[in-house]
Amino acid sequence: MAPQPPLLSMSGITKSFPGVRALDGVDLDVQAGEVHCLLGQNGAGKSTLIKVLAGAHQPDTGTIRWRGEDVTLRSPIAAMRLGIATIYQELDLVEHLSVAENVHLGHEPTAAGFVVRGRAARSSTAELLKRLGHPEVDPARLVGELSAAQQQIVSMARALSHDVRLIVMDEPSAALDPDEVDNLFRIVGDLTADGVAVVYISHRLEEIRRIGDRVTVLKDGRAVAGGLPAKSTPTREVVALMTGRNVEYVFPERPAAAPRGEPVLTVEGLSREGEFAPLDLQVRPGEIVGLAGLVGSGRSEILETIYGARKPDTGRVLVDGRPLRPGSVRAAVRAGLGLAPEERKAQALLMLESVTRNVSVSSMSRFAKAGWIDRGAELGAARAAVRELSLRPDNPDVPVRTLSGGNQQKAVLARWLLRGCRVLLLDEPTRGVDVGARAELYAVVRRLADEGLAVLLVSSEVPEVLGLADRVLVLREGSVVHTAPARELDEHRVLDLVMEGSPAS
Amino acid sequence: MTQPVSPPRDSAPKVPSAGEKPAWRAVLFRADVRTLSLLGVLAVLILIGGITKPDQFLDTRNLQLVLTQASVIGVVTVGMTFVIISGGIDLSVGAIVALSSVWATTVATQEFGFAGILFTAVLVGLGCGLVNGVLIAYGGMVPFIATLAMLASARGLALQITDGRTQIVTVDGVLDLGERDSYVLGIPPLVLVFAAVTVVGWLLLNRTTFGRRSVAVGGNAEAARLAGIDVRRQRLYLYLLSGLCCGIAAFLLIVLAGSGQNTNGNLYELDAIAAAIIGGTLLTGGRGTIVGSVLGVLIFTTITNIFALNNLQSDVQQIAKGAIIVAAVLVQRRTASTT
Amino acid sequence: MPEFTSRRGLLFGAAAVSAGALVTGCTSNESSDDEPAANDQPAADDKPGKQVTIGFAGPQADHGWLNAINDNAKKRAEKYSDVTLEITEGSNDTAQQIGQIETLINKKVDVLVILPADGKALTQVGLKAMRAGIPVVNLDRIFNTPQAYRCWVGGDNYGMGLNAGHYIGEKLKDKQGAKVVELAGLDNLELTKQRTQGFDDALKNYPNIQKVARQAAEFTVESGQAKMAQLLQAQSQIDALWNHDDDQGVGALRAIEQAGRDEFLMVGGAGALSAFEAIKADNGVLKATVLYPPTMAASAIDLARALGQGKGVSGLAEFEIPSSVTCYSAVVDKENVDQYMSTGFK
């Protein structure tokens, strides 16, 4: 690479929030035309760093040089004027405005300074969408009607509607299907070919290997490594840098003997129109059954239907041979089912409440006489459950929102543990959980199974299903295409099944 | 087969681990900051009242007066606090108070005497709450719309019953309750009812499964549903509770004003929401306290009292009320962001 | 439909007749001591004449006085076999009331009687009716311009305050350092300011009297009780109270009773039946009330009928009806309460 000054050079950036030092002297160099990847566990400071770069946070100390000159990014607008655009993980689009209006929000093409030229906005938006490989998105449609992937494209079009030199993408592939990811990478390639720099944040190492040029690893608010070659740095080294430990995914041992006994959970011919075809499955006590499949294969829908959160069109769910009332979460919970949903914060946790109250919420009546809660008993039980799962901090009085992703997941598991739940439904149990905490979570799930729990697991990460489950059902477009013990499958084979649906040999 | 996983029957307190105490104190401290700031505001008001009108303000009769005036809206606010904590809103409280007070004071009702008036007021309140609750919980209506509709129809029905006329109460037992002879150890019966409702409300919110479920529904309705809480039934109960509080408040108002009128409870919805908000209840639900709401009511009533004693007119009173709401919310935002 | 089919009808009929009796008292600016009930002669000719359709649009009757307005208009119209009354559903919503009046214009009624929810906001629709050739009798709340009505008939808010002030002044004229308090109505209404102004102007004639406090209630029992309780707490001893409105007066009396106070005299406003009864019983602080007569609605119907039939008002030399009629705010006390009892509204 030619020895020109970097496009962006951040040095010694610190940023503190009350009680937390989020960034502690971070350096970051980005060259024009490169894909620079940011890696780090949750809480390592990635989000804060990109917010500083976007002008949304002001650093306490440190300098930012842009094309060789010192700059201050006072506001998101200031950053945008320089040519820095950010695509956040949680898309900041206005659902009730059209695609074109969103793309041009804040810098609408106008006549006489205030009359919005709608046609001009739509045609330039159409141009951008075509460039992004999605000419089928109608600029006049409301953003709320688009799919998640299409919304991301709109977000990207908005970034490109400015004269952009650096794009920050925060986990852009998280909500995308494989072919969408391919399209994303093509766009990234086009951009860098034009000399635009991309700061790319992802948890997925394989993506970084595919498109990244260099990698900066953040840990505890510091850059522990800067500018590593993305393609050639060994995984082991990257993981070691991120965790400070030299570990990869470690899956717990499976018990020697296959689980026996009558199935505790039986699903017979369960289906929902347009979501998944009639499904049969059984889970025995002590058994972990995994559902593998892509986004849109109906995995979450299956779990939620079993749980009663959705009403099935056909079929039934039995626990210990007794059918559950369809479409009733309460019936499912009473029968001993528990769900750890995919969207933990939105679907499981009471974010304003303490760990105790999050854990006890499903078993309140156990601590109550005539509605009167015995808070001593509740706290004691919550504490015991928290200990059992080695949730940290082990004080159940802390607000649940202060916990890390992995510990929040443990709080959800503790809830069902306390309830005396017998069938645990896990939907993407390690989403948003950092690498180090995953192994621990896997161990917890296996231990619960060993203690007699039946577990039904859904994950988009094939290695996770293969590593944790005893038996795997492979889903493709709402139908089970293959069932086998986990040890008879490998990742390659599962992906083949998922993509092709062929019972490949 | 049944293997409840490690039921922690041993609820004996364990040795507190390190790092536990500061967190525990932080929680307590935060709760205290809110309450203390409200108490501070009240103290300042009392100081102002005491300085400007020492004879009239710092007087047992005035204390009785302020608490009495706070009682009616106070009872309504307790119910409203529950509804807001659960993520809802009840815009119909004023109208329900009007309808209850009017229905309970018709000539026909008054024939049944004290019990007839009390029973009718409470029953009408519960009935309106039931309609609100069913519409919202099982009809899937947005609380704002459902209770707005109830506001309109309850006011309309109240008007239809009275034809715009004031219905004077002639039942002595009811009238006597509002007079000095029936004060218990110097405490007006209305204030006793208000205190009782406050205590019951506090216990309900902080010590019962009902309170927990209300908070859970308000904090995250979807999470509450997936945790096995019957969210719809809980919502129904909450609007019933608000209706019940309105019925009780209507009875207090009948005692206080010696009459029923369709204009009763004018803008109670705004006063109750404002009191709950300055008391620290999140309008988005999931957090709130009864103590805060009651302090909010007392602050508003005390302001009105001080202004009236100083012969300041209602325009100034309204401006001050608005300023207090803004100031209280700003202070809370600050304390919330620093802790 | 047969007249007087029920006892209720009979009673209301009787009320309408005596209300009619008052109209002369109301229209006369000279004296409130006109001969009582005996003079049962309506404003225009009583004999059936040309058929007249009168459109009546008023606000929502959510207050005793407004309710009495509607009753007075209806009963008065029923009295005439040549009058058809088209009465709208009362509304406080300006837009809705405009719509209702436009409907009446389209129906081509002969005369319109309008008690606007808001006089200023409804001026345009008054103008529209006049331009369409429909004479408008503007009741009480006045339009912005005289072009919008043929005749205005209404009460005298300033006069209410003035007469209340004079009544209190005369009662207290021998007392040195007399203290008076005022319980006003809704402060954001013009009429409240006028009543207060009249009261203050009257008190200027009595240097021995001082108005020591004023609070505004909201024309409701509840607010009357609340504000009065505060006023009494603020003033440990007073000699007189003027309360703008008898409805809120119910609450004020309740507060007075609760505070155990009886050292002063109270004058009310508007003329509610309960106030008349209390004045007659003479066992409390309420000694008098100043009228804001709802019978003005009956007068408005009379004027509208005369307009429709092209007649003048009997008892006046004019060929045409007057362009403005201000009803007198008589003081009703124990001496003359019997005469007014039948006009008291509930």
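Observations on the structure shown:
- Set A:Leu453, A:Leu426, A:Leu413: member being outside the structural domain of A:Pro485 (by TED's automatic domain parsing), crowded, with 24+ Cβ neighbours inside 10 Å, among the aliphatic types (A, V, I, L, M) and closer than 24 Å to A:Leu350 by Cβ: A:Leu413
- Hits in the stretch B:214-258 (condition: more than 30 Å from B:Leu177 (Cβ to Cβ) and small (Gly, Ala, Ser)): B:Ser214, B:Ala216, B:Gly218, B:Gly219, B:Ala221, B:Ala223, B:Ala224, B:Ala227, B:Gly228
- Only listed residue being closer than 20 Å to C:Asp156 by Cβ and either surrounded by 24 or more Cβ atoms within 10 Å (Cβ to Cβ) or at pLDDT below 90 (or both), chosen from C:Leu286, C:Leu303: C:Leu303
- Residues of the stretch A:367-381 that are farther than 19 Å from A:Glu451 by Cβ and in a helix (DSSP H, G or I): A:Phe367, A:Arg375, A:Gly376, A:Ala377, A:Glu378, A:Leu379, A:Gly380.
- Count of the stretch B:181-216 residues, restricted to those that are among the β-branched types (Val, Ile, Thr) and not in a helix (DSSP H, G or I), is 3.
- Residue match in the stretch C:324-334 (condition: out of contact with any His (no Cβ under 6 Å at 6 or more places or on another chain), farther than 24 Å from C:Gly185 by Cβ, at pLDDT 90 or above and not in a strand (DSSP E or B)): yes
- Inside the stretch B:228-246, residues that are closer than 23 Å to A:Arg366 by Cα and within 14 Å of chain A (Cβ to nearest Cβ) make up a count of 8.
- Test: residue in the stretch B:305-315 that is farther than 30 Å from B:Leu175 by Cβ and acidic (Asp, Glu): yes
- Qualifying residues in the stretch A:365-398 (those that are under 15 Å from A:Trp416 (Cβ atoms) and charged (D, E, K, R)) - the one farthest from the other protein chains (Cβ to nearest Cβ): A:Arg366
- Condition check for B:Ala108: surrounded by fewer than 24 Cβ atoms within 10 Å (Cβ to Cβ), within 29 Å of C:Ala270 (Cα to Cα) and more than 13 Å from every other protein chain (Cβ to nearest Cβ): yes
- Filter result (crowded, with 19+ Cβ neighbours inside 10 Å and over 18 Å from B:Ser314 (Cβ atoms)) within the stretch C:207-233: C:Ile209
- Filter result for A:Pro485 (more than 14 Å from chain B (Cβ to nearest Cβ) and under 16 Å from the mean Cα position of the chain (by Cα)): no
- Condition check for B:Gly164: within 14 Å of chain C (Cβ to nearest Cβ) and closer than 29 Å to C:Asp247 by Cβ: yes
- Of the residues making up the stretch A:427-455, those that are aliphatic (A, V, I, L, M), away from chain B (no Cβ under 14 Å) and in contact with a helix residue (DSSP H, G or I) (Cβ under 7 Å, 6 or more places away or on another chain) number 4.
- Considering the conditions (1) modelled with pLDDT of 85 or more; (2) buried (at least 23 other Cβ atoms within 10 Å of the Cβ), A:Thr14 is excluded by exactly one of them, (2).
- Checked against (1) among the hydroxyl-bearing types (Ser, Thr, Tyr); (2) within 8 Å of chain B (Cβ to nearest Cβ); (3) out of contact with any Cys (no Cβ under 9 Å at 6 or more places or on another chain); (4) assigned to a loop (DSSP other than H, G, I, E, B), A:Ser362 meets all criteria but (3).
- Selected residue [of a type outside the set (D, E, K, R) and in contact with a strand residue (DSSP E or B) (Cβ under 9 Å, 6 or more places away or on another chain)] from B:Ala216, B:Ala195, B:Ala257, B:Ala223: B:Ala195
- Among (1) modelled with pLDDT of 95 or more; (2) touching a strand residue (DSSP E or B) at 6+ places or on another chain (Cβ under 8 Å) - the single one C:Pro146 does not satisfy: (1)
- Considering only residues in the stretch A:287-331 that are in contact with a Leu (Cβ under 9 Å, 6 or more places away or on another chain), in a loop (DSSP other than H, G, I, E, B) and among the hydroxyl-bearing types (Ser, Thr, Tyr), the one that is nearest to the other protein chains (Cβ to nearest Cβ) turns out to be A:Tyr307.
Residues checked against (1) more than 10 Å from chain C (Cβ to nearest Cβ); (2) of a type outside the set (Lys, Arg); (3) within 18 Å of the chain's Cα centre (by Cα); (4) assigned to a loop (DSSP other than H, G, I, E, B):
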| residue | (1), (2), (3), (4) |
| --- | --- |
| B:Gly288 | yes, yes, yes, yes |
| B:Gly292 | yes, yes, yes, no |
| B:Leu298 | yes, yes, yes, no |
| B:Ala308 | no, yes, no, no |
| B:Leu312 | no, yes, no, yes |
| B:Gln317 | no, yes, no, no |
| B:Lys321 | yes, no, yes, no |
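- Against the numbered list (1) facing chain A (nearest Cβ under 7 Å); (2) more than 11 Å from B:Ser86 (Cα to Cα); (3) in contact (Cβ under 8 Å) with a residue 24 or more places away in the chain, B:Gly219 comes up short only at (2).
- Only a single item in (1) away from chain C (no Cβ under 14 Å); (2) over 30 Å from A:Gly308 (Cα atoms) is not met by B:Glu179, and it is number (1).
- Residues of the stretch C:60-81 satisfying the condition of being out of contact with any helix residue (DSSP H, G or I) (no Cβ under 6 Å at 6 or more places or on another chain), outside any helix (DSSP H, G or I) and closer than 13 Å to B:Asp163 by Cα: C:Gln60, C:His63
- Residue that is farthest from C:Ala272 (Cα to Cα), among those in the stretch B:141-160 that are in contact (Cβ under 8 Å) with a residue 60 or more places away in the chain and within 12 Å of another protein chain (Cβ to nearest Cβ): B:Arg155
- Exactly one residue among A:Leu349, A:Leu337 is facing chain B (nearest Cβ under 7 Å), under 17 Å from B:Ala224 (Cα atoms), buried (at least 24 other Cβ atoms within 10 Å of the Cβ) and modelled with pLDDT of 90 or more, and that residue is A:Leu349.
The values are calculated or read from the model by the stated rules, or taken from the named source; none is laboratory data. The model shown is predicted, which means the values in this text are computed figures rather than measured ones. So basically every Cβ, Gly included, is an ideal-geometry build from the backbone, and we count neighbours across all protein chains shown.
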